[in-house]
1. Share of Cα-Cα pairs in the stretch 55-128 beyond 13 Å, in percent?
2. Summing Lys, Arg as +1 and Asp, Glu as -1, what charge do residues with Cβ under 12 Å from the Cβ of ALA246 carry, ALA246 excluded?
3. Round to a whole angstrom and tell me the spacing of the C-alpha centers of the stretch 79-94 and the stretch 161-197.
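Just so it is clear, none of the values below were taken in a lab; they were calculated from the coordinates. Source: prediction; values computed, not measured. Because the Cβ atoms are built from the backbone with ideal geometry, glycine has one as well, and the counts that use them run over all protein chains shown.
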Amino acid sequence: MTTALAQQQSGPTSTDIVQSLPSPAQPSVEDATVELPPSALPHNLSPWGMFLAADNVVKAVMISLVFASVVTWTIWLAKTLQLATARYRASRGLRLLSENPTMAGALTALAGRNGTVADMLLAAQREIELSDPAIDHAGSEGLKARVGSALERTEARAGRRMAKGTGVLATIGSTAPFVGLFGTVWGVMNSFIGISQAQTTNLAVVAPGIAEALLATAIGLVAAIPAVVIYNVFARSVTGYRHLLADASAGIERIVSRDLDFRKLSGAGRAKPTFAGE
């Protein structure tokens, strides 16, 4: 009894103090980080891997945008070759027109050559042949008007033929970003649905779906930007080509007018125009 009384007087021991301390708070389920197994984590975030893992709608959007990009570059290659050839022929025809002051000389110089300038010259010659019986009686003003009309229509057809296909570039350039944005919105929507189903906001779960969605926007920009740039380049090139045709048309009209003026002179003694050095 004396020993027990002595312990009570000496106060609580260290063991009693440790046992009386509150135990540390245990983390709740909400605060715990959700650990995902390695098999559930994304392992391929390359563009091809994201395409394969994307939703079917997003895949369709990506495929359509890639197809639009292929169409853009195909048109660029085809129209570049077509414009280069047409501009070369127009420049050569314009030079030959300037070197030959008469219709007969121009026809001889451009005989057997392809190009719009040669077509314009032949159209003027056909109109002259059709109007030849009436020139001496009705005058030359009507012939000049008809030749001008034939040249104008030939020039317009050539311009339309050269601009054909560039409208597709304008359509791709204006719609591709919005098509890609549609794919992005659809992919993000599916990502949020996946978040609600998995009941977790772990970035490893959210990131792949958002990355796949953003890939659609990136492909849309890749398709749209070159289409807009190429369209603007072709628009300027077609305008320059039409200017060459307008110069050729004016040159042919001058040749026709010159021949008609010399036609009024006497047939045997009429003078023919010559250039310096001939």
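1. On the way: 1956 of 2701 pairs.
Across the stretch 55-128, Cα pairs with separations above 13 Å total 72 percent.
2. On the way: positive: ARG242; negative: GLU152, GLU155, ASP247, GLU253.
So the environment of ALA246 carries a net charge of -3.
3. 36
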